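Enquirer: What follows is a single structure, and I will ask about it in a moment.
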Number of protein chains: 2
Amino acid sequence: MTTDSCSRQHDVYDASCPCRQLLDLLANKWSALALGALEDGPRRFGALRDRLDGVSPKVLTATLRRLEEQGLIDRTVYPSVPLHVEYQLTALGRDACAPLAALRQWAVANIDRFPALTGAA
Amino acid sequence: MTTDSCSRQHDVYDASCPCRQLLDLLANKWSALALGALEDGPRRFGALRDRLDGVSPKVLTATLRRLEEQGLIDRTVYPSVPLHVEYQLTALGRDACAPLAALRQWAVANIDRFPALTGAA
DNA sequence: GATCTTAGTTCCCTTTGGGTACTACGATGG
DNA sequence: CCATCGTAGTACCCAAAGGGAACTAAGATC
């Protein structure tokens with residue numbers, strides 16, 4: 001496996017290949033954080049908004065809807081009095097977490113090698 | 001200058017932590033594709049534009065500049081007559097390729113599990 | 001001197017991102 | 001009875017980023 005392109009017909013480097021769209025969905029700050037935030041079990045909208053520090057409700061909603069559309073997460077509504085909505089990973093979403101977790105962890109582990117970001121000269 | 005409020009305890013879930021900015025840089029379609037396109041050696045601007053099917057020169061320039069600023073790639077200008085510019089990974093960029101390659105490969109390997117993207121019902 | 005090539009830049013428009021305010025719902029409580 | 005609370009969003013508006021097409025520069029080549 002010297003290349004990352006599928007030996008059959010799929011290739012992220014082909015703009016018209018659906019896996020390009022998939023990459024666009026996953027290679028996204030909020031997607032990566034949202035899926036990671038669900039790794040430890042279901043979470044509610046408010047909990048996600050708090051965990052994904054800095055996300056606006058609008059963008060969080062859009063992100064979650066996109067992930068739900070693609071079957072990476074499930075959205076469950078409990079019509080209790082203060083409305084209660086739970087998001088959780090599907091099997092597919094759990095699988096997708098592995099490479100995203102690796103990316104997040106790489107960022108944390110290597111941030112010191114980025115002087116321009118850490119403020120050092 | 002220093003927006004780092006999470007000194008030493010780095011966390012991508014903290015909006016003010018520099019590694020959040022790093023995640024934003026890496027968790028991006030064009031960054032992931034551009035770095036991957038350089039894995040096999042230096043490439044010229046035109047070669048990258050061709051390889052990253054669908055990218056506009058403006059966005060490619062912006063992407064490469066950002067990666068260069070952060071020290072992930074080097075830009076070398078050969079002032080020959082039809083101008084010649086080569087981009088190549090730095091050691092840091094090569095290291096960053098691993099998690100990004102995993103993400104690209106996951107997208108290719110699992111695209112069939114996304115009926116909404118592949119057009120299947 | 002017209003044209004080719006390379007590596008962009010410029011213009012303009014659309015899409016996305018983002019902040020703040022607001023809604024619906026009924027329970028709670030004064 | 002009306003005010004307030006908490007949850008999960010939506011509505012509105014503006015700024016930033018994405019994206020397409022055309023254009024630029026510089027010298028070589030025809």
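Enquirer: Scan region A:14-27 residue by residue and report those that are open to solvent by 10 Å² or more (accessible area, probe 1.4 Å), within 7 Å of chain B (Cβ to nearest Cβ) and not small (Gly, Ala, Ser).
Expert: Of everything in region A:14-27, those that are open to solvent by 10 Å² or more (accessible area, probe 1.4 Å), within 7 Å of chain B (Cβ to nearest Cβ) and not small (Gly, Ala, Ser) turn out to be A:Asp14, A:Pro18, A:Gln21, A:Asp24.
Enquirer: Could you say which residue among A:Leu83, A:Leu117 is facing chain B (nearest Cβ under 7 Å) and modelled with pLDDT under 95? Full working, then the answer.
Expert: Details: A:Leu83 fails: facing chain B (nearest Cβ under 7 Å).
After ruling out the rest, the residue left standing is A:Leu117.
Enquirer: When residues of region A:30-48 are filtered for being farther than 15 Å from A:Ala98 by Cα and either part of a helix (DSSP H, G or I) or modelled with pLDDT under 95 (or both), how many remain?
Expert: 5
Enquirer: Give all pairs with beta carbons closer than 9 Å in which a residue from region A:28-41 that is more than 8 Å from chain B (Cβ to nearest Cβ) and open to solvent by less than 10 Å² (accessible area, probe 1.4 Å) meets a residue that is among the aromatic types (Phe, Trp, Tyr) and within 12 Å of DNA strand C (Cβ to nearest atom); count only pairs at least 6 apart in sequence or on separate chains.
Expert: The qualifying pairs do not exist here.
Enquirer: Hey, does region A:68-86 have a residue that's basic (Lys, Arg) and more than 22 Å from B:Asp24 (Cα to Cα)?
Expert: At the first step, the residues of region A:68-86 found to be basic (Lys, Arg) are A:75.
Next, only the ones that are more than 22 Å from B:Asp24 (Cα to Cα) stay: A:75.
Yes: region A:68-86 contains one or more residues that are basic (Lys, Arg) and more than 22 Å from B:Asp24 (Cα to Cα).
Enquirer: So which residues in region A:46-63 are open to solvent by less than 50 Å² (accessible area, probe 1.4 Å) and more than 6 Å from DNA strand C (Cβ to nearest atom), if there are any at all?
Expert: A:Gly46, A:Ala47, A:Leu48, A:Leu52, A:Val55, A:Leu60, A:Thr61, A:Thr63
Enquirer: Residues B:Gln105, B:Gln88: which one is among the polar types (S, T, N, Q), outside any helix (DSSP H, G or I) and surrounded by 13 or more Cβ atoms within 10 Å (Cβ to Cβ)?
Expert: Numbers: B:Gln105 fails: outside any helix (DSSP H, G or I).
Step by step, each of B:Gln105, B:Gln88 is checked, and only B:Gln88 is among the polar types (S, T, N, Q), outside any helix (DSSP H, G or I) and surrounded by 13 or more Cβ atoms within 10 Å (Cβ to Cβ).
Enquirer: Continuing with this model, one more query. Just checking, how many residues over region B:44-90 are touching a residue at least 12 places away in the same chain (Cβ under 8 Å) and aliphatic (A, V, I, L, M)?
Expert: Looking only at that region, the number is 11.
Enquirer: Now a separate question. Kindly provide the set of residues from region A:70-85 that are polar (S, T, N, Q) and surrounded by 13 or more Cβ atoms within 10 Å (Cβ to Cβ), ordered by number.
Expert: Correct list: A:Gln70 only.
Enquirer: Restricting the first residue to region A:1-17 and requiring it to be at pLDDT below 55, which pairs with a second residue that is open to solvent by less than 40 Å² (accessible area, probe 1.4 Å) and among the basic types (Lys, Arg) meet a Cβ separation below 9 Å and a spacing of at least six or different chains?
Expert: The qualifying pairs are A:Asp4/B:Arg104; A:Ser5/B:Arg104.
Enquirer: Another question, then. Which residue pairs have Cβ atoms closer than 6 Å, lie 6 or more positions apart in sequence or on different chains, and pair a first residue in region A:94-121 that is within 27 Å of B:Gln105 (Cβ to Cβ) with a second residue that is aromatic (Phe, Trp, Tyr) and open to solvent by less than 60 Å² (accessible area, probe 1.4 Å)?
Expert: What qualifies is A:Pro99/B:Trp106.
The values are calculated or read from the model by the stated rules, or taken from the named source; none is laboratory data. None of these values were measured; they are calculated from a predicted model. A quick note on method: Cβ atoms are made from the backbone with ideal geometry, for glycine too, and the neighbour counts reach across all protein chains shown. SASA here: full protein model, heavy atoms, side chains in, ligands and nucleic acids out. Shrake-Rupley method; radii C 1.70, N 1.55, O 1.52, S 1.80 Å.
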